[in-house]
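Below is one structure; the comments refer to it alone.
Nothing in this text is a laboratory measurement; each read-out follows from the coordinates by a stated rule. All values reported here derive from a predicted model rather than from experimental measurement. Cβ atoms come from the backbone with ideal geometry, glycine included; neighbour counts cover every protein chain shown.
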Amino acid sequence: MSLELALYHDYRRFELDVSLTLPGSGVTALFGPSGCGKSTLLRLLAGIEPARRGRVFFEGECWQDSEAALWVAPRQRDIGMVFQDARLFPHLSVQDNLRFAGRYARRGVALDEQHLIERLQLEPLLSQLPATLSGGQQQRVALARALLSRPRLLLMDEPLSALDQASRQLLLALIVDLQQHHRLPILYVTHAVDEVLRLANHMVQLEAGRVVAEGAPTELFGRPDTAPALEDCALLKGEVIEQDLTDTMSAVRCAPDLPPIWIAGTAHPVGSTVMLSLQARDVALSLHPLAGTSLQNQLPVQVEAITMDHHGGPRIALRFGEHRLPAMISHRALAQLQLHTGMPLWALIKSVAVEHQ
Ligand SMILES: Nc1ncnc2c1ncn2[C@@H]1O[C@H](COP(=O)(O)OP(=O)(O)OP(=O)(O)O)[C@@H](O)[C@H]1O
């Protein structure tokens, strides 16, 4: 059960050549610099534009096979789409925009309309025309409309990038809930690391129309050979093993044989799963553990690679058990510590520097 594609397409100055097999559930984040072909790939998948050549199979059903001259029209693909701009029908009220979705309702996820209206706080807006709504309100309607068309696959192209914090949080929470209670695979284009962190369980990195990396976000983040936004951020998943209510802290264990990472600001319940993110600039290095320090985390790590980052600064890729941890240090620190590949070290991290959700 998955989405399998091998597609080639070109414009005058751009070529897309992508082969992928994506999971048939969960959120796959499509990540990459501007102009690398993310939106083009979504359009080809949706069938809005036919790819010059290639094949697309969704759950064993063929949507395009250029060799067999097979082509399935967008409507028959049961795809829901949400773009950066809401693209509502301007002459229809919110209610009628939502009703319109029902016309194409097919074989996919069945959600209760009233529940969705309440959840997305659309009740007071139902009689209004799209032009009278804010961007965030329009986007909430767009998501409801896409979901009420009962899609089997949801394609989302930077759906939150133009929204205020409150609308972002509302939509993010709904997408998380959808994943927990319904089986609706989502392909999600974003530039935002926090959205990947919150939503994605799979990730594809595109560059200049090609796939350069693919896998679990925890694997792709912090890798020395990846995009700057990913390179400078570690992503770790762990389980809370201790809750300190007095100091509002939690200890998160990322693997049985590793010491926990202390995080501040929230006392998560013991047993809960937490995603941690950490910026390379917040990781310091020491040859020995320190005594008498405010640092709550001194983690045993090993140097995996030493590279120069995009600004010419030293970047140390560290292994923390199976996890990746990048550290950004100065040239002077690099010389003083005489770092080399395979060297054991201590990564020093303030508990307040670790973001978590
Ligand atoms: N209809 C078109 N005609 C010609 N060139 C196009 C067309 N659509 C896209 N392109 C080109 O294809 C390339 C990829 O565009 P695309 O919109 O897929 O990138 P993207 O990764 O989604 O970028 P962004 O993050 O900025 O939205 C760009 O160089 C763009 O100029």
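Contact order, relative form, for segment 230-342: 25 percent (alpha carbon pairs under 8 Å, 6 or more residues apart, mean separation divided by residue count). Compute the long axis of helix 165-181 from its Cα atoms, compare it with the longest principal axis of the Cα atoms of the chain, and write down the angle in degrees, 0 to 90, nearest 10. So the helix axis and the longest Cα principal axis differ by about 80 degrees.
If you count the DSSP beta bridges with both ends in segment 2-215, what percent of them are antiparallel, to the nearest 5? Intermediate values should be presented prior to the final figure.
On the way: 27 of 43 bridges.
Restricted to segment 2-215, the bridges split so that about 65 percent are antiparallel.
If neighbour count is taken as other Cβ atoms inside 10 Å, put Met156, Met343 in order from fewest to most.
Working: Met156 27, Met343 16.
By the 10 Å Cβ count, ascending: Met343, Met156.
Say we join alpha carbon atoms closer than 10 Å with springs in a Gaussian network model of the chain; which of Asp247, Asp65, Asp17 then has the biggest fluctuation? Residue with maximal mean-square fluctuation among Asp247, Asp65, Asp17: Asp247. Scanning the chain for trypsin sites (Lys or Arg not before Pro) in DSSP loops with at most 11 neighbouring Cβ atoms within 10 Å leaves 108-357 as the longest stretch between them.
Rounded to the nearest 0.05, the FRET efficiency derived from the C-beta distance between Asp309 and Ala216 at R0 = 22 Å is 0.45.
When the Cα positions of Gly265, Ala234, Leu290 are compared along the charge dipole of segment 228-356, Leu290 comes out farthest toward the positive end, with charges on each C-beta of Lys, Arg, Asp and Glu. Within the listed set Pro159, Pro50, Pro90, the residue fluctuating most in the Gaussian network model of the chain (springs between alpha-carbon atoms under 10 angstrom) is Pro90.
Would you work out the charge dipole size for segment 2-215 about its Cα centre, treating the Cβ of every Lys and Arg as +1 and the Cβ of every Asp and Glu as -1, and quote it to the nearest 20 debye? Numbers along the way, then the final one.
Details: 23 positive and 24 negative charges, 87 e Å.
Roughly 420 debye for segment 2-215.
Which listed residue (Leu206, Ala216, Leu174) has the Cα farthest towards the positive end of the charge dipole for segment 124-256, taking +1 on Lys and Arg C-beta and -1 on Asp and Glu C-beta about the Cα centre? Projecting each Cα onto the dipole axis, the largest value belongs to Leu174. Largest first and in whole Å, the equivalent-ellipsoid semi-axes of segment 2-215 read 28, 19, 16, each the square root of five times a Cα gyration tensor eigenvalue. Convex hull volume of the C-alpha atoms in the chain, normalised per residue: 165 Å³. Semi-axes, largest first, in whole Å: what does sqrt of 5 times each Cα gyration tensor eigenvalue give for segment 151-310? Semi-axis lengths for segment 151-310 are 30, 23, 14 Å. Only helices enter this figure: runs of n ≥ 4 DSSP H residues, each worth -39500 (n - 2.57), summed and divided by the residues of the chain, yield -6000 deg cm²/dmol at 222 nm to the nearest 500. Can you give me the relative contact order of segment 151-310 as a percent, contacts being Cα pairs under 8 Å and 6 or more apart? Relative contact order for segment 151-310 comes out at 15 percent.
Working from label points 7 Å from Cα in the Cα-to-Cβ sense, the Asp65 to Tyr11 distance is 3.1 nm.
Using Cα-Cα distances under 8 Å and only pairs 6 or more residues apart, what relative contact order does the chain have, in percent?
15
Angle check, please: helix 135-148 long axis (alpha carbons) against the longest principal axis of the chain (alpha carbons), in degrees 0 to 90, nearest 10. Helix 135-148 and the main axis of the chain meet at about 70 degrees. Its Cα centre serving as origin, the chain has a Cβ charge dipole (Lys and Arg +1, Asp and Glu -1) of approximately 720 debye.
Here the residues Met249, Met275, Met203, Met308, ranked from fewest to most Cβ neighbours within 10 Å of their Cβ, fall in the order Met308, Met275, Met249, Met203.
For segment 273-357, the equivalent ellipsoid built from the Cα gyration tensor has semi-axes of 20, 15, 13 Å, listed from largest to smallest.
Neighbour counts of other C-beta atoms within 10 Å: give me Leu88, Leu295 arranged from fewest to most. Each step should come with its number before you reach the end.
On the way: Leu88 22, Leu295 16.
With the sparsest Cβ surroundings first, the list reads Leu295, Leu88.
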